[in-house]
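Scroll down for the structure; my scribbles are underneath it.
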Amino acid sequence: MAQVIMDRRDVDFILHEQLEVEKLSEHEKFEEFTRKTVDLIVSEARNLAVKEMLPALKTGDEEGCTFDKGQVRVPEAFHKIHRLFTEGGWIAMCDAPEWGGQGMPATVALAAKNYFNGANFPCTLNYILNHGAGKLVETFGTEEQKKLFLKNMYTGVWGGTMLLTEPEAGSDVGALTTTAVKNDDGTYSITGSKIFISSGENDLTENIIHPVLARIEGAPAGTSGISLFLVPKIRVNDDGSLGEFNDVVCTGIEHKMGIHGSATCSLTLGGKGLCRGTLLGEINKGMRAMFVMMNEARLDVGMQSLGCASASFMNALNYARERVQGRHLTAPGKDAPPVPIIQHPDVRRMLLTMKSCTEGMRSIVYYTGYCEDMIRISDNAAEKARWQGLIDVLIPITKGYVSDRAFDVCNMGVQMFGGYGYTKEYPQEQLLRDCKITHIYEGTNGIQAMDLLGRKLGLNQGQAFRDLLDEMTKTAADAKAVPGVEGLAAALESVIARLEALALHMSKTARSEKILNAYAAAYPFMEVTGDTVMAWMLLWRAAIAGRKLAEGAKKKDAAFYEGQIMSARFFINALIPVTLGKMDAILANDGTVMEISEDAFGGK
């Protein structure tokens, strides 16, 4: 039977054969999450995604959100999904049961999120920020703040957001103008305006809790003077009951290219001088605290884009098997019957590109969650630091690189349907539109590239990046012993060596008088790093598959394992040569980008 959203066999392969998540149950923290339990969780997530969320994707896009006098209504179908989501405890899957969580491994939660985002990421977006805001309360909140807010947020009774962006500041968060003035009772009066706030106002929950970045009077300029405040839409009394309106007003929603089912709001705080918030964390440490939420959100953005790519690929694959058009190129005579388009070479090229990228991206995102799980079960400080370093290096890859590749997959997904792909009769064009935002929010992909070069390459004196190279090298060395993939392993070893030399070049250039040239090449550097990580994941998968085939895999599994080897072959043999060319271009250190005068761009 044809699958939708994503290939369940591939999900199981990553969880049980690549990452072996059932071994986590050997540790007390995850002892409940045996293979049987993990499979049940994924099946339940799949059922919710396929039966409830996927049918609401198109209607949510067409109906969109409506704004009327400060009130926002989400698509009607989202209300039932919200009820099922909260009843199932899907918001705080990895968090402590005492606060409404399920305590499951992050790797397993990401598999569930993969289904949710592939089915309906505009709807799922409501819960991503809700959880992220709750995590800020859990991490930095006082006991009183946790008592008042956390469980209601993690269980979906109340919503949550992230209030950073302002009309004049944009990505330059340090230029914000929202102010906080301390009151005699210890609260702060908040005044300012925020824009591009996902789920900033909606009719799903009775209250919305806003973490807000603002500057206390007299604080230093820039990011070093920013503090974080907890600002509810409706004030919360000491006994947990709801009080009066807190002067947080939605002034409008954006009319966007995609994610029509998610309200992107403009908010005014304290327009009447009545907005109150409480300090969350330390004074002037708001930006550092907010990065806890932002890093989680960036991983989720990678998952959003992967969800779009997964669904687009499955739709394209099913269509290519069913759509009959054109004779086979080698068919004799003009009267030869038409064949399914999956038999045409260029269609197969696109499908194999989509397949290899989608599988590789899924492994990248799940592996990042796996690193988090290893931190949670480790008692060794050095090991925890090592796994955290891997996460930190991978975050700009999972957000920036993965969303780029996912958009490429969605673009091919439209192309696979020909003219029909450009119509609303099929979901391909919506998946492409929805996917585009993943390049932009939670830090544009250009910012992700700058983060990789400016912060992550030198993290822990460069040890975090070296640890990533070491992990890739181990996989390549192991794969050399697997018949059928040894040549791919040798090719990856060469690419890793090239990337290591390139990273050293970029690091030196970024500390020299040619620093601007280095940052002009930051995006290509992110791309080639991502390509190498993708090749690593695909080789890892191929090595497992090769061993399974050598051991005599069951007939039903043989084709899947063959597909893993073919994905790695295609990506490494057909796409990595382009990566090597990009590496050569970066090493040339051409200064054209910075040397061209503004007038020479034209247009005057």
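The values are calculated or read from the model by the stated rules, or taken from the named source; none is laboratory data. Treat the numbers as computed from the prediction; the structure is a model and nothing was measured. Here the Cβ is made from the backbone with ideal geometry for all residues, glycine too, and neighbour counts use every protein chain on show. Accessible surface areas use protein heavy atoms only, side chains included; no ligands, DNA or RNA. Shrake-Rupley method; radii C 1.70, N 1.55, O 1.52, S 1.80 Å.
Largest first, please: the extent of the C-alpha atoms of region 356-442 along each principal axis, to the nearest Å.
56, 23, 16
Mean 1/r over all different Cα pairs, inverted: what Kirkwood radius does region 1-152 give, in Å?
16.8
Do any GluC sites (Glu not before Pro) in region 282-329 lie in a DSSP loop with no more than 15 other beta carbon atoms within 10 Å, and if so, which?
Qualifying residues, ordered by number: GLU282.
For region 266-408, what is the largest minus smallest coordinate of the Cα atoms on each principal axis, given in angstrom and ordered from greatest to least?
79, 51, 19
Using the structure shown, list the pairs from LYS480/LYS514; LYS51/LYS556; LYS285/LYS399; LYS36/LYS555 with a Cα-Cα distance above 30 Å, or answer none.
LYS480/LYS514
In Å and on Cα atoms, what radius of gyration and Dmax does region 192-245 show?
13.8, 38
Can you tell me the dipole magnitude for region 147-215 around its Cα centre, using point charges on the Cβ only (Lys, Arg +1; Asp, Glu -1), in Debye to the nearest 20?
Magnitude of the dipole: close to 260 debye.
Once the dipole of region 399-523 is set up with Lys and Arg at +1 and Asp and Glu at -1 on Cβ about the Cα centre, which of ALA518, GLN448, TYR420 lies farthest towards its positive end?
Comparing the listed Cα positions along the dipole, ALA518 ranks first.
Restricting things to Cα coordinates, could you compute the convex hull volume per residue of region 195-311 in Å³?
Output value, Cα hull per residue: 148 Å³.
Multiplying the sequence separation of LYS604 and ARG348 by 0.36 nm and subtracting their Cα-Cα distance, what value in nm do you get?
87.6 nm
I need the calculated FRET efficiency for the pair ASP584 and GLU471, taking r as the beta carbon distance and R₀ as 22 Å, to the nearest 0.05.
So the FRET efficiency works out to roughly 0.30.
Please work out the FRET efficiency for the pair ASN318 and VAL593, using the Cβ-Cβ distance as r and a Förster radius of 45 Å; give the result to the nearest 0.05.
Step by step, r from the Cβ atoms, then E = 0.60.
Taking only Cα atoms of region 404-478, what ratio of Rg to Rh do you get with Rh as the Kirkwood inverse-distance radius?
Result for region 404-478 is an Rg/Rh of 1.21.
Quickly rank 583-594, 501-512 as a protection proxy: mean count of other C-beta atoms within 10 Å, highest first.
Ranking, from highest mean packing down: 501-512, 583-594.
For the pairs LYS23/LYS548; LYS58/LYS355; LYS69/LYS113; LYS29/LYS182; LYS80/LYS424, note any where the Cα-Cα span goes beyond 31 Å.
LYS69/LYS113; LYS29/LYS182
Rounded to the nearest Å, what's the spacing between the alpha carbon centres of region 106-131 and region 22-58? Just the number, please.
If we compute the Cα centre of each part, the gap is 12 Å.
If DNA, RNA and ligands are ignored and the probe is 1.4 Å, what is the ranking of VAL231, VAL339 by accessible area, most exposed first?
Largest accessible area first, the list is VAL339, VAL231.
What is the distance in Å between the Cα centres of region 245-315 and region 364-398?
Between the Cα centres of region 245-315 and region 364-398 lies a distance of 25 Å.
If you average 1/r across every pair of different Cα atoms in region 114-175 and take the reciprocal, what Kirkwood value do you get, in Å?
Averaging 1/r across every pair of different Cα atoms and inverting gives 13.2 Å.
With charges only on Cβ, +1 for K and R and -1 for D and E, what is the dipole size of the chain about its Cα centre, in debye, rounded to 20?
About 1240 debye.
Report the antiparallel proportion of the DSSP beta bridges in region 93-241 as a percent, rounded to a multiple of 5.
Looking only at bridges with both residues in region 93-241, the antiparallel portion is about 70 percent.
Suppose R0 equals 41 Å. What FRET efficiency, 1/(1 + (r/R0)^6) with r the Cβ-Cβ distance, do MET566 and HIS79 give to the nearest 0.05?
My answer for the efficiency is 0.40.
Using helices alone, I'd like the mean residue ellipticity at 222 nm for the chain: each DSSP H run of four-plus residues gives -39500 (n - 2.57), total over residue count, nearest 500.
-16500 deg cm²/dmol
List every residue whose amide H lies under 5 Å from the amide H of ILE216, counting only residues 5 or more places away in sequence or on a different chain, with H placed 1.01 Å from N in the peptide plane.
Answer set, sorted by chain and number: ALA180, SER227.
With Kirkwood's inverse mean 1/r over C-alpha pairs for Rh, give me the Rg to Rh ratio of the chain, two decimals please.
Reported Rg/Rh (Cα atoms, Kirkwood Rh): 0.97.
Applying the Karplus parametrisation 6.51 cos²θ - 1.76 cosθ + 1.60 with θ = phi - 60° to the phi angles of region 417-433, what ³J(HN,Hα) value in whole Hz is obtained for each residue in order, glycine and proline being reported as x?
8, x, x, 5, x, 8, 9, 8, 5, 10, x, 4, 5, 5, 4, 5, 4
Which value, in Å² and to the nearest 10, is the accessible area of THR529 when all protein chains are kept and the probe is 1.4 Å?
About 0 Å², rounded to the nearest 10.
What translational diffusion coefficient, in µm²/s and rounded to a whole number, does the Stokes-Einstein relation yield for region 1-49 at 25 °C and a viscosity of 0.890 mPa s, taking the hydrodynamic radius as the Kirkwood radius over Cα pairs?
Calculated translational D: 211 µm²/s.
Can you list the equivalent-ellipsoid semi-axes of region 138-204, largest first and in whole Å, using the square root of 5 times each Cα gyration tensor eigenvalue?
24, 19, 11
For a quick check of understanding: with a 1.4 angstrom probe and all protein chains in place, what accessible area in square angstrom does GLU429 have, to the nearest ten?
30
Could you bin all the Cα-Cα distances of region 245-329 into 5 Å bins starting at 0 and give me the percent of pairs in each, rounded to whole numbers?
3, 10, 9, 11, 16, 14, 11, 7, 5, 4, 4, 3, 2, 2, 0
Could you list the trypsin sites (Lys or Arg not before Pro) in region 39-92 that lie in coil according to DSSP, counting only those with at most 15 other Cβ atoms within 10 Å of their Cβ?
When the trypsin sites (Lys or Arg not before Pro) of region 39-92 are filtered for loop state and at most 15 Cβ neighbours within 10 Å, LYS69 remain.
Using only the alpha-carbon atoms, how far is helix 522-550 inclined from the longest principal axis of the chain? Give it as 0 to 90 degrees, nearest 10.
50
Return the loop-located trypsin sites (Lys or Arg not before Pro) in region 368-433 (DSSP other than H, G, I, E, B) with at most 12 other Cβ atoms within 10 Å of their own Cβ; answer none if there are none.
For trypsin sites (Lys or Arg not before Pro) across region 368-433 that sit outside H, G, I, E and B with at most 12 neighbouring Cβ atoms in 10 Å, the list reads LYS424.
Sorting LEU452, LEU516, LEU299 by accessible area (1.4 Å probe), largest first, what list results?
Largest accessible area first, the list is LEU516, LEU299, LEU452.
With only alpha-carbon pairs counted, each pair once and no self-pairs, how large is the Kirkwood hydrodynamic radius of region 342-500 in angstroms?
In region 342-500 this quantity evaluates to 17.9 Å.
What distance in nm separates the simple spin-label points at HIS255 and ALA490, each placed 7 Å from Cα in the Cβ direction?
Placing both labels 7 Å along Cα→Cβ, they lie 6.1 nm apart.
Write down the accessible area per residue of region 52-103 in Å², having rolled a 1.4 Å probe over the full set of protein chains.
49
What's the percent breakdown of Cα-Cα distances in region 284-356 across 10 Å bins, shortest bin first?
For region 284-356, the binned pair fractions read 17, 29, 19, 14, 11, 7, 3, 1 percent.
Please compute the volume of the convex hull spanned by the alpha-carbon atoms of region 504-604 and report it per residue in Å³.
Convex hull of Cα atoms, per residue: 116 Å³.
Hey, if you drop one equal point scatterer on each alpha-carbon of region 488-544 and run the Debye formula without solvent, what base-10 log of I(q)/I(0) do you get at q = 0.15, 0.18, 0.31 Å⁻¹?
These q points yield log10 I(q)/I(0) values of -0.49, -0.64, -1.19.
If you roll a 1.4 angstrom probe over the protein chains with everything in place, what fraction of the accessible area of the chain belongs to carbon and sulfur, to the nearest %?
53
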